[in-house]
Amino acid sequence: MKNKEIIIGADTASSLIARKPGYGTMRLTGEDFYGEPKDRDGAIALLRKAVESGVNFFDTADFYGPGVTNRLLADALYPYPADLIIATKVGATRGTDKSWLPYGKPDELRTSVENNLKELKLDQLPLVHYGKAAHSPGDYEEGLGTMLALQKEGKILHIGLSNATVDQFNTAIKMGKIASVENMYSYTQRITDPASPYGFQGGELLPLCEDNQIPFIPFFSLQTSLPTGQNKMKELADTKGVTIAQLNISWLLHQSVWILPIPGTTSIQHLEENINAADIVLSDDELAFLG
């Protein structure tokens with residue numbers, strides 16, 4: 001399939017070129033995305049295999065584990081290849097009860113950035129996604145202002161948004177250069193679901209990203225879509241001799257040249273299948289069949 005690369009920060013002197021698909025590291029953690037993986041050596045081997053297979057975009061966060069995926073990346077890949085892009089995110093933390101808590105005040109954002117720098121053994125973070133603040137009105141703008149200050153200090157190269165609403169997106173692009181948006185989006189979840197524990201879907205943000213030529217990075221694009229609503233996916237996958245997961249990735253890539261999928265897995269076999277999904281071509285009739 002064409003368009004196997006995407007430029008992050010295209011109109012800047014520090015643009016980055018990511019290959020599709022990337023890799024999301026969150027599933028390398030322990031149960032409930034907390035603690036060390038059961039097979040740490042296997043996780044290290046998988047990350048190295050990903051790079052050997054051409055993956056150069058890795059999504060992580062200091063609150064995955066917490067700190068687990070960052071340390072795995074550093075142990076597996078440091079010193080990093082010159083073209084490697086590590087995307088982190090801030091705005092959340094984990095409680096000792098494995099809960100997910102907001103962590104978006106200015107001092108908290110600075111702490112998260114410093115955690116990511118230390119754990120990843122970096123002097124500058126290539127891309128940091130800022131998650132929505134949830135403390136009081138005005139926090140989002142204050143938090144983004146902190147991120148822009150950290151960028152001026154040289155600790156962040158590019159700033160992206162995570163779990164953003166349309167209003168937050170419009171606010172952010174007025175305040176500074178936004179390099180990417182990371183929201184939930186999948187074959188079966190394309191619009192905002194108020195009942196979702198993960199916040200906002202990507203359907204509303206994708207057109208805005210396209211209009212502004214900003215890469216859109218869908219998370220949970222496989223995990224949330226596979227359990228239900230896959231009858232047509234299974235039928236077409238069987239016909240084409242591919243897996244449902246591969247067809248999900250191919251479907252995403254066919255939605256927009258601005259989409260950068262980051263499927264996660266703990267299996268090298270599935271990793272290779274996910275990478276090969278970028279070569280699956282869907283005809284107009286097949287896309288129409290999927291709906």
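The values are calculated or read from the model by the stated rules, or taken from the named source; none is laboratory data. Worth saying up front: this structure is predicted, and the values here are computed from it rather than measured. A quick note on method: Cβ atoms are made from the backbone with ideal geometry, for glycine too, and the neighbour counts reach across all protein chains shown.
Cβ-Cβ distance below 7 Å, separation of 6 or more or different chains: which pairs start in the stretch 7-23 with a residue that is more than 13 Å from I259 (Cα to Cα) and end on one that is of a type in the set (K, R) and modelled with pLDDT of 95 or more?
Listed pairs, sorted by first residue: T12/K177.
Please go through the stretch 83-138 and give me each residue that is part of a helix (DSSP H, G or I), buried (at least 17 other Cβ atoms within 10 Å of the Cβ) and of a type in the set (S, T, Y), ordered by number.
S112 - this is the single residue of the stretch 83-138 that is part of a helix (DSSP H, G or I), buried (at least 17 other Cβ atoms within 10 Å of the Cβ) and of a type in the set (S, T, Y).
For the stretch 46-65: of the residues being acidic (D, E) and under 18 Å from the mean Cα position of the chain (by Cα), which is nearest to L84 (Cα to Cα)?
Once the filter is applied, the top-ranked residue is D59.
Could you figure out which of (1) modelled with pLDDT of 90 or more; (2) among the aromatic types (F, W, Y); (3) in a loop (DSSP other than H, G, I, E, B) isn't true of Y198?
Of (1) modelled with pLDDT of 90 or more; (2) among the aromatic types (F, W, Y); (3) in a loop (DSSP other than H, G, I, E, B), only one is false for Y198: (1).
Can you name the number of the only condition in (1) of a type in the set (F, W, Y); (2) under 24 Å from P261 (Cα atoms); (3) surrounded by 15 or more Cβ atoms within 10 Å (Cβ to Cβ) that Y78 fails?
(3)
Take the residues in the stretch 201-213 that are part of a loop (DSSP other than H, G, I, E, B) and at pLDDT 85 or above, then tell me which one is nearest to A149 (Cα to Cα).
Q213
Of the conditions (1) crowded, with 20+ Cβ neighbours inside 10 Å; (2) part of a loop (DSSP other than H, G, I, E, B); (3) modelled with pLDDT of 85 or more, T266 clears all except one; give me its number.
(1)
Determine which single condition Y103 fails, assuming it passes every other condition in (1) touching a Gly at 6+ places or on another chain (Cβ under 9 Å); (2) among the aromatic types (F, W, Y); (3) closer than 25 Å to P21 by Cα.
With respect to (1) touching a Gly at 6+ places or on another chain (Cβ under 9 Å); (2) among the aromatic types (F, W, Y); (3) closer than 25 Å to P21 by Cα, Y103 is out only on (3).
Condition test on L157, is it aliphatic (A, V, I, L, M) and not in a loop (DSSP other than H, G, I, E, B)?
yes
Can you find, within the stretch 1-45, the residue that is farthest from the chain's Cα centre (by Cα) among those that are more than 19 Å from T88 (Cα to Cα), in a helix (DSSP H, G or I) and modelled with pLDDT of 95 or more?
Among residues in the stretch 1-45 that are more than 19 Å from T88 (Cα to Cα), in a helix (DSSP H, G or I) and modelled with pLDDT of 95 or more, the one farthest from the chain's Cα centre (by Cα) is D41.
So in the stretch 214-250, with the set limited to residues that are modelled with pLDDT under 95 and among the aromatic types (F, W, Y), which one is farthest from the chain's Cα centre (by Cα)?
Here the answer is F220.
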